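The values are calculated or read from the model by the stated rules, or taken from the named source; none is laboratory data. Small disclaimer: the values here were computed from a predicted structure and weren't measured. Note that each Cβ is placed from the backbone with ideal geometry, even for glycine, and that neighbours are counted across all protein chains shown.
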Amino acid sequence: MYFTEIEKVTGGEILDSRGNPTVRAVVTLADGTSGSANVPSGASTGKFEAHELRDGDFSRYGGKGTQNAVKNISDALNNAVRGLDARDTYAVDAAMKAADGTPDKSKLGANAILAVSIAAARAAAAALEQPLYRFLGGVAANTLPVPMMNILNGGAHAANNIDVQEFMIMPVGAASFREALRQCSEVFHALADILKSRGLSTAVGDEGGFAPNLDSDEAAISVILEAVEKAGYKPEKDFRIALDAASSEWKGDDGYVLPKSGQHFTSEELISHWEKLSEKYPIISIEDGLAEEDWDGWKRLSERLSGKIQLVGDDLFVTNTERINKGISLCCANSVLIKPNQIGTLSETLEAIKTAHKAHYTAISSHRSGETADTLIADLAVGMNTRQIKTGAPSRSERVEKYNRLLAIEEELGNSAFYPQMSAFNVG
Ligand code: PGA
Ligand code: ZN
């Protein structure tokens, strides 16, 4: 018996930031060390994501209970990984995938499998007395990510009249992560002041950004740029804007229909729309500008804009190496959003990042709209040098926990910490 041998895995049903159930796993090793993990849950989920197992028993949590997933953690997955070396993430994950046996992890649940995968890695890191980012990335893991901070929420994440799901600010000129975070927080508060002065709501959406009713999506960009200036910064030089259209939510049989404004676009019109917006405003990145099955549209979008801005595939790629490779071969997008629960294991998440980087696509470590206090994505960003992180506004603890974890990592890295500048994005 060796010290990192997995002795026991247990599951638990907990709540996420929307008050819906999700799962937690605890992995205990032979030396008594343990690691735990909580998994998040999306709202604008991609059609090709791995399967999130829910009970469907409408007498509990409206059918969203996770008791079956929890049972799978404590029974089937416990049996699959007991006796394995927790240091070997790939072997642990392979054993769980074999126990599940389905391509989308629908038998045991991607939520159950991911919780064990991360908890095992955490237990191994703890047994080795290493921080998780170091366990994942070794000594080369020293780059802090630039936040893509979602300070204005719309779409499926907010009960307002805005169709674009996320309006993010990127502090592209900061000298360190700590400074970047301060700058973002100052802009967030300046935005609150502006909204209040206009009698607009400062209530927040699922990812902690404000969710006011505004005249248009463009008005949201304008008010954010005003906030940047009010906080004493220069749009373009200090801050760029990133959007997540989450446009799979808009796709119908006959083009794109924006559910709140009622506007209608063909793929071609939507491409022109993004082109015009990115010419008019300091936009550095657009995520899911087209829908998850619109490969032809994505090709044309990428031909037009990929030399100018970052084009991020979220629902398009779902952190799935096969879909990322398809995108690379078709020259679609130039960036991959990385959400571990879209694919369901840590090792496949690492492969997705490596696949993106090998093709000179950027990768962005990302939260879900339904989150917990788990900070895996902060360690993942540093461990795998993703150089960008999407984890919401500086508001709501489930978002702020990730930023606070990054502050701690930056401090721990000391002089070896590196905060990337614009050149990190291959664009602009
Ligand atoms: P989700 O949204 O977690 O609700 O899917 C986040 C995103 O689209 O990036
Ligand atoms: Zn998205």
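One table, with the values for the structure above:
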read-out	value
Whichever residue in the range 218-251 is of a type outside the set (A, V, I, L, M, F, W, C) and under 22 Å from the mean Cα position of the chain (by Cα) and, among such residues, is farthest from ligand 1 (Cβ to nearest atom)	Arg240
Test: residue in the range 363-371 that is more than 12 Å from the chain's Cα centre (by Cα) and either under 21 Å from Tyr90 (Cα atoms) or away from ligand 1 (no atom under 16 Å from the Cβ) (or both)	no
Hits in the range 270-312 (condition: within 16 Å of ligand 2 (Cβ to nearest atom), small (Gly, Ala, Ser) and in contact with a Cys (Cβ under 7 Å, 6 or more places away or on another chain))	none
Contacts under 9 angstrom Cβ, first residue in the range 55-82 being assigned to a loop (DSSP other than H, G, I, E, B), partner hydrophobic (A, V, I, L, M, F, W, C) and modelled with pLDDT of 95 or more, 6 or more apart	Asp55/Ala69; Thr66/Ile14; Thr66/Val23; Thr66/Leu53; Thr66/Ala112; Arg82/Ile6; Arg82/Val9
Members of the range 11-41 found to be part of a loop (DSSP other than H, G, I, E, B) and surrounded by 20 or more Cβ atoms within 10 Å (Cβ to Cβ), listed by number	Asp16, Ser17, Thr33, Val39, Pro40
Residue that is nearest to ligand 2 (Cβ to nearest atom) [pool: residues in the range 185-208 that are touching a strand residue (DSSP E or B) at 6+ places or on another chain (Cβ under 8 Å) and without any contact (Cβ under 8 Å) to a residue 12 or more places away in the chain]	Ala203
The range 27-49 - residue that is touching a Lys or Arg at 6+ places or on another chain (Cβ under 7 Å) and away from ligand 2 (no atom under 16 Å from the Cβ) and, of those, nearest to Asp244 (Cα to Cα)	Asn38
Within the range 307-341, considering residues that are away from ligand 1 (no atom under 16 Å from the Cβ) and among the small types (Gly, Ala, Ser), the one nearest to Ile169 (Cα to Cα)	Gly307
Which numbered condition Leu277 fails, given (1) in contact with a Ser or Thr (Cβ under 6 Å, 6 or more places away or on another chain); (2) surrounded by fewer than 21 Cβ atoms within 10 Å (Cβ to Cβ); (3) under 24 Å from Ala190 (Cβ atoms)	(1)
Among residues of the range 370-395, those that are out of contact with any Gly (no Cβ under 6 Å at 6 or more places or on another chain) and either within 16 Å of ligand 2 (Cβ to nearest atom) or under 19 Å from Val23 (Cβ atoms) (or both), counted	14
Test: residue in the range 135-157 that is touching a residue at least 24 places away in the same chain (Cβ under 8 Å), in a loop (DSSP other than H, G, I, E, B), in contact with a helix residue (DSSP H, G or I) (Cβ under 8 Å, 6 or more places away or on another chain) and within 16 Å of ligand 2 (Cβ to nearest atom)	yes
Any hit, the range 293-306, residues being among the small types (Gly, Ala, Ser), closer than 25 Å to Pro235 by Cβ and within 16 Å of ligand 1 (Cβ to nearest atom)	no
The range 254-292: number of residues that are of a type in the set (Gly, Ala, Ser), in contact (Cβ under 8 Å) with a residue 60 or more places away in the chain, more than 16 Å from ligand 1 (Cβ to nearest atom) and within 26 Å of Pro147 (Cβ to Cβ)	0
Filtered residues of the range 183-226 (kept if among the small types (Gly, Ala, Ser) and either within 18 Å of Ile162 (Cα to Cα) or in a loop (DSSP other than H, G, I, E, B) (or both))	Ala192, Gly199, Ser201, Ala203, Gly205, Gly208, Gly209, Ala211, Ser216, Ala219, Ala220, Ser222
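Listed here are the residues, each with its yes/no results for (1) at pLDDT below 95; (2) touching a helix residue (DSSP H, G or I) at 6+ places or on another chain (Cβ under 7 Å).
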{"site": "Gly252", "(1), (2)": "yes, no"}
{"site": "Ser261", "(1), (2)": "yes, no"}
{"site": "Phe265", "(1), (2)": "no, yes"}
{"site": "Ile271", "(1), (2)": "no, yes"}
{"site": "Lys276", "(1), (2)": "no, no"}
{"site": "Pro282", "(1), (2)": "no, no"}
{"site": "Leu290", "(1), (2)": "no, yes"}
{"site": "Leu301", "(1), (2)": "no, yes"}
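Table: residues versus (1) under 20 Å from Gln388 (Cα atoms); (2) within 16 Å of ligand 1 (Cβ to nearest atom); (3) hydroxyl-bearing (Ser, Thr, Tyr).
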residue	(1), (2), (3)
Leu152	yes, yes, no
Ile162	no, yes, no
Phe167	yes, yes, no
Leu214	no, no, no
